[in-house]
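A short worksheet on the structure shown next.
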Amino acid sequence: MNGPLQSGGAGPGTSGTGSNGRAPHANGVTLTAAMAAVHGAAHLLDYTRDPFLGFFSGRPTDELAPAGSLLDHPNVRRWFEMFEAGLAESLYTYQIPLSIASGPDSAALGEDLVMFSSYSYLGLIGHPRIATAVKEAVERYGTSTGGVRLLTGTLELHHELEHELAMFLGQEGAATFASGYDANIAAITSLFGPNDVALLDQYAHQSIHDGVRMAGCENRRFKHNDMEDLERRLRQATNRGAQRILIAVDSVFSMDGDQAPIADLIAMKNKYGAFLLVDEAHALGSVGQTGRGICEEQGIDPSDIDILTGSLSKGIPSSGGFVAGSRGLKIYIQHGSAPYMFSAAMTPANAAASLEALRIVQEEPQHMERLRRNTALLKDGLTELGFDTGASTTPVVPLILGDEFRAYRVAREMLERGIFVSAVVFPAVSPGQARLRLCATAAHEPEHFDRLFEALSECEAAMEVAAVR
């Protein structure tokens, strides 16, 4: 690390770029013209103090979001009021612009950082085989497909990826999308509608909730992983004459790191004639002996799940998503879902990165072995420090702090010590459940954990959590 965070001396809005488009800074840090225009911070501390070019300085929320204006909305006011209070304490740690590839050893605005909130679980970002595959794909196909998948945007590369992905997941077919968010929207909105009832785990991903809302289904949440509460909801939906019932869950919950009880969910959906959607975003390349996800981890027959969705931007280091299941499901999703028909196809580079990553996972088992080892190191170290890691059984490990500003302050203190961890607050988690979300990856080394545990020990007083020593 370059030492404790210090102000670079030039405040927000620093300009004066030279002929090369970069602005010199007193401590050697330079800004591109774009960075000077976007956030104006020449040093990491400057960024946490004000990345908005003075937009909030001395201006109350009533002035920034006047009555009757476009921004006169409760959500806008909530965020603006939080910025107004937090920037005074240099608490803004979102959107920190990394200057090198994301990984355990990272950097931003002149500071070396150890990353512990990345969900690149297998640590494959920058893998030379993936880089080569991407270069070859761009040379052959270009940078874009020039169309949506249904019309002119399908490449041979997409078919290769979908075939190998389906085989990897143990499904008959798979359709890929530009994001995991798109995949959930596609599956839910094309198969369910206003006469249907959706029963969602209360911690299901926002994209699932948004898909249900867009589909017009009656939306009911059940208590997290609570099968008794789910059955109560199923009986209610059945008694009210629901046309169809969807049960939707994450397989690995992104903020708590625990797993859904898939066998119990399958039993419930079979008992009541419902359909089950399982989102594998944080399970693919994260759990299972060979990284195949929740079915491999829990010994489930993949064909017992009606709809399997997921992301290709986490354990698989690309950008994209998928819907997998029966061959009939794949064919219909490719013709009846809006994101497949009206949104741009996955780029050649992203398709190539996803495909090569799938092959690496199967040919280089050491990545999953290292991930399991590092997950144990993270949990054991936190336990020794007296922290409760909750029900986490995966590389995602939460440190629940409760109050939002407590989470912001601890994240800022960790940044001061060269550790980049994310503060997660409402609406990503329930009110009063703000936390730091820690993630182990296969790329972490023992010295990274030593740095993390040392910093957490120093920050323990600020956390104000009950230690069980």
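Every number here is computed from the coordinates shown, using simple stated rules; none is lab data. All figures in this text were calculated on a predicted structure; none of them were measured in a lab. FYI the Cβ positions are ideal-geometry reconstructions off the backbone, even for glycines, and counts take in every protein chain you see.
Listing for the model above:
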quantity	calculated
Segment 68-89-segment 379-408 distance, computed between alpha-carbon centres (Å)	29
Segment 413-442 versus segment 290-345: alpha-carbon centroid distance in Å	28
Percent antiparallel among DSSP beta bridges (both partners in the chain, rounded to 5)	60
D (Stokes-Einstein, µm²/s), Kirkwood Cα radius, segment 22-89, 0.692 mPa s at 37 °C	246
Crossing angle, helix 327-336 versus the chain [Cα axis fit, 0-90 degrees, rounded to tens]	60
Cα-only Debye scattering, segment 374-433: base-10 log of I(q)/I(0) at q = 0.25, 0.30 Å⁻¹	-1.19, -1.25
Ordering of 61-68, 200-207 by burial proxy (mean other Cβ atoms within 10 Å per residue, highest first)	200-207, 61-68
Residue list for segment 127-157, given a label point 7 angstrom along the Cα-to-Cβ vector of ARG359 and an amide N cut-off under 13 Å	128-137, 157
P(r) of segment 128-363 over all Cα-Cα pairs, binned every 10 Å from zero, in whole percent	8, 34, 35, 17, 5, 1
Karplus (6.51, -1.76, 1.60) ³J(HN,Hα), θ = phi - 60°, over segment 371-386, in Hz, Gly and Pro reported as x	5, 4, 5, 6, 4, 5, 4, 5, 5, 5, x, 5, 5, 4, 7, x
Proximal lysine pairs, the chain, alpha carbons under 26 Å, eight or more residues apart or interchain	8
Charge-dipole axis of segment 22-89 as Lys and Arg at +1 and Asp and Glu at -1 on Cβ define it, positive-most pick from TYR47, THR32, PRO66	THR32
Mean residue ellipticity (222 nm) of the chain, computed from DSSP H runs ≥ 4 via -39,500 (n - 2.57), nearest 500	-12000 deg cm²/dmol
Stretchable slack from GLN289 to MET341, in nm (0.36 nm times residue separation minus alpha-carbon distance)	15.1 nm
Cα Rg, Dmax (largest Cα-Cα span) when computed across segment 193-254, Å	11.0, 33
Fraction of alpha-carbon pairs over 16 Å apart in segment 248-298 - percent	38
Dipole magnitude of segment 128-363, debye to nearest 20 (Cβ charges: Lys/Arg +1, Asp/Glu -1, about Cα centre)	600
On Cα atoms only, tilt of 206-215 relative to the major axis of the chain in degrees	50
Label-point gap, in nm, between ASN219 and GLN366 - each point 7 angstrom along Cα→Cβ	4.6
Efficiency of FRET between PHE426 and VAL76 - r from beta-carbon atoms, R0 22 angstrom, step 0.05	0.90
Extension gain (nm, one decimal) between LEU150 and THR30, 0.36 nm per residue minus Cα-Cα	38.7 nm
Cα long-axis angle, helix 180-191 against the chain (0 to 90 degrees, to the nearest 10)	30
